[in-house]
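Right, one structure below, let's go through it.
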Amino acid sequence: MKLLVINPNISNDVTALIESEARRSASPGTELLVRTAGHGVEYIETRFESLIAAGAVAEIIAEYTRDGSGPGTENGIDGVVVAAFGDPGMPALKELVDVPVIGITEAALCAAALQGHRFSIIAISDRIRPWYLDCVERFGLGGRLASIRSINETLTGIGSVQQDFKETLLALSRQAVTQDGADVVILAGAPLAGLARELAGQIPVPVVDGISAGIQMAQSVVNLQSGPHRAGAFAPPPAKPRRGLSDNLDAALTTAQNAARAGAGSR
C-alpha cells in the first residue's frame, strides 16, 4: 500500500513531526510519501487560511494522480491523508480522485466516537476554535462535543509547541475530563503529532492523535476496496470549460471526468 500524506501548512518542522508519527503508525509494508504544501501559511488557524491550503493540497494530489497514475500502477497511490486538523479542502477533495482521501479530523472524530460518548478537542490557539467547531458540526457530532480547550498564549514556534506547552496541554486535557465530562480527548493538529504517545497514562481516558488516526483509517478504508465514486455527492465534477489551472490539476480533472463517463457507460 502506498499513502500520500500531505502537510497543508508550509512548515517543514511540522512535516517532520507528521512523518515521524505516520511512520510509527503505519503497518509493515505501507509506503508513505510525505509532502509539504508549496504555498500557504506556517500553520492554519482560520477558515480563510484553510481555503488557501486547500488549493495547495489539491495541487499535490493532482501531481500524483494525473494521467491515470492511480492505484495498481507503478507510480500510483492507494490513498491520501490530509494531515492538518480542520481538514483543509475536505470533503471536496474526495471528488478529485478515485482513491480514498482521509482527513485527520474526520479520522480522529471517528476514532473518538468509537471509544466514548463525549469527546474534547485540545487545540493550540484560541483563534482556531471557531473553525474546529464548524468541522465538528459538519460531521454531525456537535451533540457529542464536550469542549474545545486551547492554549491562550503566544506560540514561540510552531515546531516546538509540544516542548513549550506540554504541561499546559496536559492540564487542559485533564480539565476536559474532570470539568467537561470528556470520555475521550483529541490532541488536535499536526504540531501535536506524537504527543499522545508521550502522555499515555497521564490522562485518565483514551487520547487520540490525529495523524495516527488518519494513517490507520486510511489503511482500513483502502483495504475495504469499496470502489470509487461514480455517482452521488462525491462524483467527479462535470466536464465544462476551464482556464488558468496548472497542468497537473487540469490533467487530474480530465482523468477523473473520463473515469466517471466510462463508469456511467458501463451501467
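The values are calculated or read from the model by the stated rules, or taken from the named source; none is laboratory data. In this text the structure is predicted, and so the values were computed from the model without any measurement. Glycine also receives a Cβ, built like all others from the backbone with ideal geometry; neighbour counts cover every protein chain displayed.
Within the span defined as segment 40-47, one or more residues are within 19 Å of Leu192 (Cβ to Cβ) and of a type in the set (Ser, Thr, Tyr). Scanning segment 117-140 for residues that are more than 17 Å from the chain's Cα centre (by Cα) and either buried (at least 17 other Cβ atoms within 10 Å of the Cβ) or of a type in the set (Ser, Thr, Tyr) (or both) yields Arg118, Phe119, Ser120, Ser125.
Those strands (runs of 3 or more DSSP E) of segment 15-116 in which 1 or more residues are acidic (Asp, Glu) and at pLDDT 95 or above occupy 31-36.
Only one of the numbered conditions (1) part of a helix (DSSP H, G or I); (2) under 29 Å from Leu33 (Cα atoms); (3) not β-branched (Val, Ile, Thr) is not met by Phe165, and that is (2).
Against the definition (farther than 19 Å from Gly55 by Cβ, free of Cβ contacts under 8 Å to residues at least 12 places away in the same chain and surrounded by 11 or more Cβ atoms within 10 Å (Cβ to Cβ)), how does Ser220 come out, yes or no?
It is true that Ser220 is farther than 19 Å from Gly55 by Cβ, free of Cβ contacts under 8 Å to residues at least 12 places away in the same chain and surrounded by 11 or more Cβ atoms within 10 Å (Cβ to Cβ).
Condition check ((1) in the same structural domain as Arg144 (by TED's automatic domain parsing); (2) of a type in the set (Val, Ile, Thr); (3) modelled with pLDDT of 95 or more; (4) under 16 Å from Gly103 (Cβ atoms)) across all residues:
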position: Gly181; (1), (2), (3), (4): yes, no, yes, no
position: Val184; (1), (2), (3), (4): yes, yes, yes, no
position: Ala190; (1), (2), (3), (4): yes, no, no, yes
position: Gly194; (1), (2), (3), (4): yes, no, no, no
position: Glu198; (1), (2), (3), (4): yes, no, no, no
position: Val221; (1), (2), (3), (4): no, yes, yes, yes
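If you filter segment 197-217 down to residues that are assigned to a helix (DSSP H, G or I) and in contact with a Gly (Cβ under 9 Å, 6 or more places away or on another chain), you find that the one that is surrounded by the most Cβ atoms within 10 Å (Cβ to Cβ) is Gly214.
Of all residues in segment 144-162, exactly one satisfies the criterion of being assigned to a helix (DSSP H, G or I) and at pLDDT 95 or above, namely Arg144. Can you name the residue in segment 123-143 that is in a loop (DSSP other than H, G, I, E, B) and among the small types (Gly, Ala, Ser) and is also nearest to Leu51 (Cα to Cα) among such residues? Here the residue is Ser125.
Against the condition at negative phi and either surrounded by fewer than 24 Cβ atoms within 10 Å (Cβ to Cβ) or not hydrophobic (A, V, I, L, M, F, W, C) (or both), how does Leu187 come out, does it pass? When the stated conditions are applied, Leu187 does not pass them.
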